[in-house]
Amino acid sequence: MTEPCTYVIFGATGNLSRVKLMPALYHLEAAGKLPAGTRILALGRRRWDREHCVEEVREWLKEKVRGSLDDAIFDRFARRVDYFQGDLKDPKMYTDLGRRLDDSSEFPPNIAYYMAISPSEFNGVVDRLGDARLFDEGPGWKRVVIEKPFGYDLESAQSLQRSIGRHLREDQIYRIDHYLGKGTVQNVLVFRFANTMMEPLWNRNYIDHIQITHSETLGVGSRAAFYDGTGAMRDMIQSHLLQLLTLVTMEPPVSMAAEDLRDEKVKVLKSVRPISPKAVHAHAFRAQYREGRIGNDRVAGYLQEENVPPDSVTETYAALKLYIDNWRWRDVPIYLRTGKRMARQQSLISICFRHPPQQFFRGTQVERIKQNWVLLGIQPCECLRMEMTVKEPGLEMRTRQTSLDASLRDEDGADTDAYEGLLLDVIDGDRSLFLRYDEVEQAWRVVDPILRSWSTNRDFIHTYQAGTWGPEESRRLFDTEEHHWRHSLDPD
Ligand code: BG6
C-alpha cells in the first residue's frame, strides 16, 4: 500500500486548485484511493483559517464534482484539509511552513509540493523552499509538481531548469502535462502497441498525413493576465499537442517503464525538422477571435475581453505543420491546430491513409476512392474509429464510407479526470506520465523559431469569427490542394 503523504498546494485559492486539484482529490477520497493519513495543506495569501478554507472548498466542489457532493465523503475529505497563510515572496513564510510541517503527528513527512502558481513564480518559490531546507529527504521523500508552461521559451526553460536543479534531483521533479493523464491519450499507446494489426501500416508507406486538433468553444475568460503573455502556441502546442504527437509517432519503447517511454518521446522531438526563420510563414499560422456566436449566445472578441490590451496580437488560434525526419515519417506532413472560441469543443487525432496505388473503378460510378482515416477521439467522445470504403448493396458499382467504431466512452460518460490519476502517480512515485526535462527542452526547440518570428511581427494578425473553425487562410499550410482540416468524427 502506498504510504501517506502531505500535498502542499501553493496557489491553493487560485483557479487550478478550485477547478481541478481539489475536485480531483475529493474524487480520490470518494474512490478510497487516498492513503490513510494523507493530508492536504492549502497555502495562500488570503487571511483564511482552516474553517474558512474548508467552507470555500465545499463551495468549489459543489460546482465541480461529478454528481452531487456527498456530505459523508466531504466530511472525511475535509478532515484532511488544512490552511496555511503566507506570502510566497517572504523567506520567513518558508521557515514557518517548515515548522508547521515538522509535526509528523499532523503531517506525513513524504511531501509533494504542488506549484499551482503563475509560471513566473516557480523559480523563486523553489529557491526559497530549497534555502529553507524543505527539500531535505529522510524522513520521507520530497517531490515538486510543476505545472506548464515550463519556461517561456527555450532560454527561460534552460534557466529555470538550472535554477531548480540546484535544489532538486530530476527524479524529484514532476512536470505535469495533464493531457498525458487523459484515458484516450494512454489508449493511443495501447492501440499502437497492443495490436499487431496497425503497426505494419504505421509509417510513410501507408500514411498520407496526420492531423491533431484541439478546439475549444470557451474564450479566454478571466485568464487574460496569463494568456495574453502566452498565446495558443505556448499554451497548447508546445505542451499538450506536441506530447500527443510523440505518442502517435514514436517507435515502440523497450518497455513501458518511465525512462524507456520518455527516451522514445525525446527521439521523436529531436527528429522534428527545424523550421528556419524564412520558413515560418509556410509552417505556422496564427489568428485571434473576434466577436461572434457560440450556440445562441453572442460572445465578445478577444480584444474586448477583460484585461486584454486593445492592441494585443496574441494568438488564440495556432496551426503548425511539422515533418519528422526519420525512416518512419520522413515527408509525412503533420498538422497541429488549436483554438479558443471555435465551432466545437473537441480533441481529435486524425490519421489519413494514402490512396490505393491504382484507381480500379474508373468508368463506374466510383469516381475516386476516398482515403481511409483512423480517428482517435480524445474528448468529449473517447473513441477509436476506422473509416473504410464499402460497396453499396445493389446491382450498380457504388461505394460509400462506413466505419468500424470502438466507443471507449461516450460524451457524458467521463468518470475520472486526468488530474486524479496524475495526483496518485506523484504519491506512487511513477513518473511515466510526467515530462522529463529533455522533452520539454526539445519541445521548445520546435516552437522557438516561430515564437521569435511572431514576436517581431506585431503589426498584423488574422482574425476569425468566434464560433467558427478559424480562418480559411490557414489552408496555406497544406502540402497539397487535396488536404483539408478534418473537423469531426463524422464522415467527411
Ligand atoms: C490548459 C490550457 O493547459 O489546457 C487551457 O492552459 C486549456 O488554455 C486547457 O483550455 C484544455 O484542457 P482540457 O483538459 O480542458 O482539454
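Where a number appears in this text, it was derived from the coordinates with a stated rule and is not lab data. Note that the structure is predicted; figures quoted are calculated from it, not measured. Counting neighbours? That spans all protein chains shown, and the Cβs are built from the backbone with ideal geometry, glycine included.
The distance from the alpha carbon centre of the stretch 340-360 to that of the stretch 75-92 is 47 Å, rounded to a whole number.
How large is the translational diffusion coefficient of the stretch 115-217 in µm² per second when you combine the Kirkwood radius over alpha carbon pairs with Stokes-Einstein at 20 °C and 1.002 mPa s? Could the numbers behind the result be given before it?
Numbers: Rh = 17.0 Å.
Using the Kirkwood radius from Cα pairs, D works out to 126 µm²/s.
Grab the alpha carbons of the stretch 296-346, take their convex hull, and tell me the volume per residue in Å³.
On the way: hull volume 5.8 nm³, N = 51.
Each residue corresponds to 113 Å³ of Cα convex hull volume.
Values of log10 I(q)/I(0) for the chain across q = 0.07, 0.08, 0.13 Å⁻¹ run -0.41, -0.53, -1.34, by the Debye formula with one identical scatterer at each alpha carbon and no solvent.
Counting only GluC sites (Glu not before Pro) that DSSP places in a loop and that have at most 15 other Cβ atoms within 10 Å, the longest clean stretch of the chain runs over 138-305. Sorted from longest to shortest, the spans of the Cα atoms of the stretch 317-387 along the three principal axes equal 45, 31, 21 Å.
At a temperature of 37 °C and a viscosity of 0.692 mPa s, determine how fast the stretch 6-147 diffuses translationally according to Stokes-Einstein, using the Kirkwood radius over alpha-carbon pairs as Rh; express D in µm²/s, rounded to the nearest whole number. Don't skip to the end; give the middle numbers.
Numbers: Rh = 15.4 Å.
The Stokes-Einstein estimate is 213 µm²/s.
For ASN123 and ALA72, the FRET efficiency from 1/(1 + (r/R0)^6), where r spans their Cβ atoms and R0 equals 41 Å, is about 0.45. What separates the Cα centres of the stretch 15-63 and the stretch 193-209 is a distance of 44 Å.
Assuming 0.36 nm per residue, please report the length gained on full extension of the stretch ARG50 to ASN457 beyond their Cα-Cα distance.
On the way: separation 407, 0.36 × 407 = 146.52 nm, distance 4.94 nm.
That pair, ARG50 and ASN457, stretches by 141.6 nm at full extension.
Multiplying the residue separation of ARG166 and THR480 by 0.36 nm and subtracting their alpha-carbon distance yields 108.1 nm. Here the extension length gained between GLU264 and GLU473 equals 71.8 nm, from 0.36 nm per residue of separation less the Cα-Cα distance. Our Cα-only numbers for the stretch 408-492 put the radius of gyration and Dmax at 19.5, 50 Å. For the pair the stretch 305-319 and the stretch 131-147, the centres of their Cα atoms are 38 angstrom apart. Looking at this model, which pairs from LYS64/LYS92; LYS64/LYS265; LYS182/LYS267; LYS340/LYS391 are more than 31 angstrom apart at the alpha-carbon? The answer is LYS64/LYS92; LYS64/LYS265; LYS340/LYS391.
What's the exposure ranking of ARG166, ARG80, ARG286, going from fewest to most Cβ atoms within 10 Å? Intermediate values should be presented prior to the final figure.
Numbers: ARG166 9, ARG80 18, ARG286 23.
The most exposed by this proxy come first: ARG166, ARG80, ARG286.
Across the stretch 152-197, counting alpha-carbon atoms alone, Rg and Dmax equal 16.2, 47 Å.
Average the reciprocal distances over every distinct pair of alpha-carbons in the stretch 186-246, invert the result, and give the Kirkwood radius in Å. Show your work: numbers first, answer last.
Details: mean 1/r = 0.0694 Å⁻¹.
Result for the stretch 186-246, one decimal place: 14.4 Å.
Any chance you could list the semi-axes, whole Å, largest first, of the equivalent ellipsoid that the Cα gyration tensor gives for the stretch 115-173, using √(5λ)? Display every interim value, and only then the final one.
Details: eigenvalues 81, 24, 22 Å².
Taking √(5λ) for each eigenvalue gives 20, 11, 10 Å, largest first.
Counting other Cβ atoms within 10 Å, which chymotrypsin sites (Phe, Trp or Tyr not before Pro) in the stretch 261-343 have at most 11 and lie in a DSSP loop?
Working: sites: PHE285, TYR289, TYR302, TYR317, TYR323, TRP327, TRP329, TYR335; in loops: TYR323, TRP327, TRP329.
Answer by residue number: TRP327.
Summarising the label geometry, the points placed 7 Å from Cα in the beta-carbon direction at SER159 and ARG409 lie 4.0 nm from one another. With the convex hull of the Cα atoms taken as the outline of the stretch 1-78, the averaged projected area works out to 5.0 nm².
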